[in-house]
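Worksheet for the structure shown next.
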């Protein structure tokens with residue numbers, strides 16, 4: 001069970017940050033070693049997580065605990081403040097789509113004027129990712145209005 005909590009922490013980190021938290025969970029691996037030494041400020045700076053919420057950092061660090069007996073239980077995770085944040089998923093989706101549409105319009109204008117502004121779209125998605133991790137309350141919250149794949153298809157042309 002303890003290893004499952006660790007693995008779940010890795011997956012949670014990937015979902016929120018979009019990158020792996022470390023290459024391997026070995027004491028001699030640079031990023032993992034930062035965690036083992038308790039050099040959290042450097043760790044969050046190097047992984048681009050300076051602006052993540054204190055609650056998220058607390059949860060994921062507990063899940064990464066080297067001593068498996070100190071990792072939270074599933075119940076502890078469910079009760080953690082980061083997991084209790086309420087949000088209106090439909091409103092978040094709508095807001096993000098509006099911002100992406102505006103950025104796409106800017107990118108199209110810049111592209112036709114000779115400049116390519118594709119990275120702005122990616123920056124928007126990366127900037128907003130933690131703010132939009134929410135607790136889902138019922139199955140209707142899983143429904144995404146529109147075609148989400150189409151939103152990201154346009155990023156391919158800039159990569």
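Stretching residue 101 away from residue 36 to a fully extended chain increases their span by 19.2 nm, per 0.36 nm per residue minus the current alpha-carbon distance.
Mean sequence separation of contacting Cα pairs (under 8 Å, at least six apart), scaled by the length of the stretch 2-84, corresponds to a relative contact order of 31 percent. The protection proxy used here, the mean number of other Cβ atoms lying within 10 Å of each residue, ranks peptides 9-16, 56-63 as follows, highest first: 56-63, 9-16. A simple spin-label model places pseudo-atoms 7 Å from Cα toward Cβ; at residue 86 and residue 11 they are separated by 2.8 nm.
None of the figures in this text is laboratory data; all of them are computed from the coordinates on show. Keep in mind the model is a prediction, meaning the values are calculated, not measured. Every residue, glycine among them, receives a Cβ derived from its backbone with ideal geometry; neighbour counts consider all protein chains shown.
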